[in-house]
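What follows draws every value from the coordinates through simple rules; no lab data is involved. As the structure is a prediction and not an experimental result, all values here were calculated from the model. Reconstructed Cβ throughout: ideal geometry from the backbone, glycine too, with neighbour counts over all protein chains shown.
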C-alpha cells in the first residue's frame, strides 16, 4: 500500500508534464459549435470567425515551408485551384499559421511572400502563441476543418487521401466532399486522420 501511495505523486507529475509540454490538445468535436477566435492577418487586419456568420468556412492549418504544404500549393497540388474555386461560390477560406517564433514558417514577412508565391486569394492568420491551434487540436500542416453556415464543425481531418499526390486507387478530396455534403444535408465522412508536418508549436 505504501508503495502505491509513493507512485501517486509520480504519476501526477508525469501527467502535468505531458500537459505542460503541449502534447494534449483540445480536439474540437464534429457536430458541435466551432470555437470562435480572433487573429491578425499578415497585413495587420483583425479577423474573427464570427465575422463570417451565415457562411461556410474552411480552415487550413498552414506552414509555408512544410513539404506537404509546398506540394499542396504547387502546380500539381489540390490547393493550387481548390480555394479559388470554392470561394467563387461564396465559401470563406482562411489559412492559420500556428508556428511559434523561431520555428519553421513563422513570421508575417515569410507568410506574405508565401501567399504571393502560392497565389493564395485568401488571408493567412498568425497564431504565433498557438492558442487557436491548440483550441482546435490542429496537429499537422495541412489540417483542415469545414464549418457550416450555422457555425457548426462538420469536417475535421486531412485535405485528401493523397499525401504528396500519392493515393491507393483514386484520389478523394475530403474537403470538397464535405462542402458538397453540406449542400445535400449530410457529410458522409466527417472525420479523417490529418497528415503532414507537425504544427510547430512552442514546446
Listed residues 58, 69, 30, most fluctuating in the chain (Gaussian network, C-alpha, under 10 Å): 30
Tilt relative to the chain, helix 108-118 - C-alpha long axis, 0 to 90 degrees, to 10: 40 degrees
Three-way shape label, the chain, alpha-carbon gyration tensor, a/c 1.5: prolate
Ascending count of other beta-carbon atoms within 10 Å, so fewest first, for 127, 43, 36: 43, 36, 127
Fraction of beta bridges assigned by DSSP in the chain that are antiparallel (%, nearest 5): 65 percent
Ascending count of other beta-carbon atoms within 10 Å, so fewest first, for 154, 85, 110: 85, 110, 154
Rounded if a/c under 1.5, otherwise prolate or oblate - the range 163-203, Cα gyration tensor axes: oblate
Computed over the range 26-198: relative contact order in percent, which uses C-alpha pairs under 8 Å that are six or more apart: 29 percent
Cα-based shape type of the range 108-186, given that a ≥ b ≥ c are square roots of the gyration tensor eigenvalues and the cut on a/c is 1.5: oblate
Approximate spin-label separation residue 88-residue 121, in nm, with each point projected 7 Å along Cα-to-Cβ: 0.6 nm
